[in-house]
Amino acid sequence: MIELLTPTEMGEADRLAIAGGIAGIELMERAGLAVANATVRRHPGAPQIRIVAGPGNNGGDGFVAARILAGRGYPVRVLLLGDRANLKGDAAEAARCWQGPIVPASPQGLSGAGVIIDALYGAGLDRPVEAEARALVEAINAAGAPVIAVDLPSGIHGASGAVMGAAVRAAATVTFFRRKPGHLLLPGRTHCGAVEVADIGIPDGVLERIGPRLFANAPGLWSAHFPVPKVEGHKYTRGHAVVGSGGVASTGAARLAARGALRAGAGLVTIASPADAVAVNAAGSLSVMVRQVDDAAGLSAMLADRRLNSVLLGPGGGVGAGLRELVLAALAAECAVVLDADALTSFAGAPETLFSAIVTRSSVTILTPHDGEFGRLFGKASELTDKAAKYDHVRCAATLSGATVLLKGADTVVAGPDGRASIAENAPPWLATGGSGDVLAGIVTGLLAQGMPAFEAASAAVWLHGEAGNEAGPGLIAEDLPDALRPVYRRLFASLGAGAPN
């Protein structure tokens with residue numbers, strides 16, 4: 001289940017399921033059952049369950065859960081925001097079938113709660129939580145009881161993960177059919193707790209009609225394209241990556257990136273180094289070759305050898321005209337190109353020059369900015385509102401530049417010019433350390449050297465980087481990440497049925 005559905009797409013999934021013969025009340029019954037089952041499983045002896053129901057279908061799910069829990073002997077009280085007479089459709093039917101008391105929702109009504117089920121608003125919320133509803137959300141958070149959210153914690157925007165004024169902080173969330181972007185994007189992810197996806201009977205076939213273009217970044221998204229070494233292979237069949245280095249005082253970033261490319265599986269890696277840094281790069285890179293490259297002409301000559309099939313520029317490269325010329329030389333070659341850090345900032349004043357060079361080439365280009373670099377390069381060119389989701393901005397950047405764009409962060413988004421986008425969720429907080437991004441750029445470059453397509457390579461690199469961070473654990477430094485890839489690869493290859501050859 002790697003597809004992510006926006007609230008609009010989820011509404012279409014519901015509509016298609018109903019049009020296919022599944023009654024809306026049946027979908028609601030199954031959703032409420034999933035919530036009730038999750039509550040019992042997580043809190044088998046729960047005293048005093050409070051269900052806070054909203055005026056829409058999310059509230060209807062809450063009424064179903066209330067009826068099922070009460071039928072199993074749990075003490076349940078339903079707190080309804082709004083007038084029961086205003087409930088419509090399936091939600092009204094679910095409320096009619098509830099035989100217990102319904103009291104007006106208020107902070108006081110949460111007193112004594114052992115468990116709170118948040119069925120106030122779901123993923124479709126598109127306005128700020130205000131007045132009485134906000135007071136209720138704040139009271140839920142202050143109650144001290146574990147919260148199980150229905151679909152999405154109330155107050156979280158389902159498409160962007162934004163907090164709409166105030167939002168419930170849940171210990172667990174039960175959503176239906178597929179997750180929403182708000183479950184993965186920050187800050188929404190931090191409000192969800194453990195997310196459970198319940199099957200409520202919507203057939204997977206509706207996805208063909210919807211055509212989702214947004215995905216959770218997991219091996220199922222890119223494993224079919226992942227380069228698994230073959231018994232008959234050798235270093236020359238695994239590609240040759242090139243990493244540009246800065247001057248003698250700034251070689252560390254390139255060496256980190258080169259080691260990341262090598263650990264990612266590239267058969268050969270060469271650091272293209274200015275003369276003053278050759279000795280330093282050679283001394284610190286036992287498995288990596290070093291070649292003197294002093295200017296754009298030298299890089300062009302080097303990349304004329306088509307066996308050198310991917311190149312990374314930017315880490316420690318130094319912002320300025322010299323790096324701009326190197327970038328344009330790389331883009332004029334036929335190899336895959338990854339641009340990071342200083343290579344992006346060097347074009348902050350003339351992004352059109354960079355984009356023009358990218359869109360005219362037949363080989364792939366990947367840009368790997370962090371937020372600051374992204375803002376400097378793309379500025380307000382996306383013309384999107386502040387309410388746009390992170391993936392909307394990255395998609396727009398990919399369209400503008402003609403490149404696959406990897407916007408780094410705790411919820412890294414990768415988007416391609418074709419509109420596909422992935423959201424990562426496996427990065428630990430200790431990845432936020434100097435040099436970590438250089439290793440990531442190197443992993444991307446190493447995967448491209450092995451022939452992996454751009455969107456899949458960028459997404460896979462992000463996932464591998466996150467898993468390496470988890471493997472290295474708290475206290476990691478960037479130097480730890482390449483070596484931490486070894487057990488990650490071992491597990492990944494085992495899951496792909498590609499263990500050690502006999």
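The values are calculated or read from the model by the stated rules, or taken from the named source; none is laboratory data. Computed from a predicted model, the values in this text were never measured in an experiment. Cβ coordinates were reconstructed from backbone atoms using ideal geometry, including for glycine residues, and neighbour counts include every protein chain displayed.
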Practice task
Would you point out which residue out of V35, V40, V76 is aliphatic (A, V, I, L, M), free of Cβ contacts under 8 Å to residues at least 40 places away in the same chain and within 20 Å of A92 (Cα to Cα)?
Solution key: V76
Completion exercise
Of D90, D61, the only residue that is in a helix (DSSP H, G or I), within 18 Å of L136 (Cβ to Cβ) and modelled with pLDDT of 95 or more is D61
Problem - Residues of the range 164-182 satisfying the condition of being without any contact (Cβ under 8 Å) to a residue 60 or more places away in the chain and crowded, with 20+ Cβ neighbours inside 10 Å - result: M164, A167, V168, A170, T173, T175, G182
Practice task
Considering only the range 84-110, state which residues are closer than 23 Å to R134 by Cβ, in contact with a strand residue (DSSP E or B) (Cβ under 9 Å, 6 or more places away or on another chain) and touching a residue at least 24 places away in the same chain (Cβ under 8 Å).
Solution key: L87, A91, I102, V103, P104, A105, S106, G109, L110
Exercise for the section: Having 1 or more residues that are of a type in the set (K, R) and more than 20 Å from V64 (Cβ to Cβ) is the bar; report the helices (runs of 4 or more DSSP H) wholly within the range 137-224 that clear it. Expected result: 188-192, 206-210
Practice task
Output the residues belonging to the range 1-51 that are acidic (D, E) and part of a helix (DSSP H, G or I).
Solution key: E9, E12, D14, E26, E29
Exercise for the section: Output yes when any residue across the range 300-323 is surrounded by fewer than 22 Cβ atoms within 10 Å (Cβ to Cβ), more than 30 Å from R238 (Cα to Cα) and among the polar types (S, T, N, Q), and no when none is. Expected result: no
Exercise for the section: Output the qualifying pairs, or none if there are none: Cβ atoms under 9 angstrom, residues six or more apart or on different chains, first residue in the range 343-368 and closer than 20 Å to A253 by Cα, second residue of a type in the set (V, I, T) and in a loop (DSSP other than H, G, I, E, B). Expected result: A343/V319; T345/V319; S346/V319
Problem - Among the candidates L299, L339, L303, residue that is in the same structural domain as R259 (by TED's automatic domain parsing) and within 31 Å of the chain's Cα centre (by Cα) - result: L339
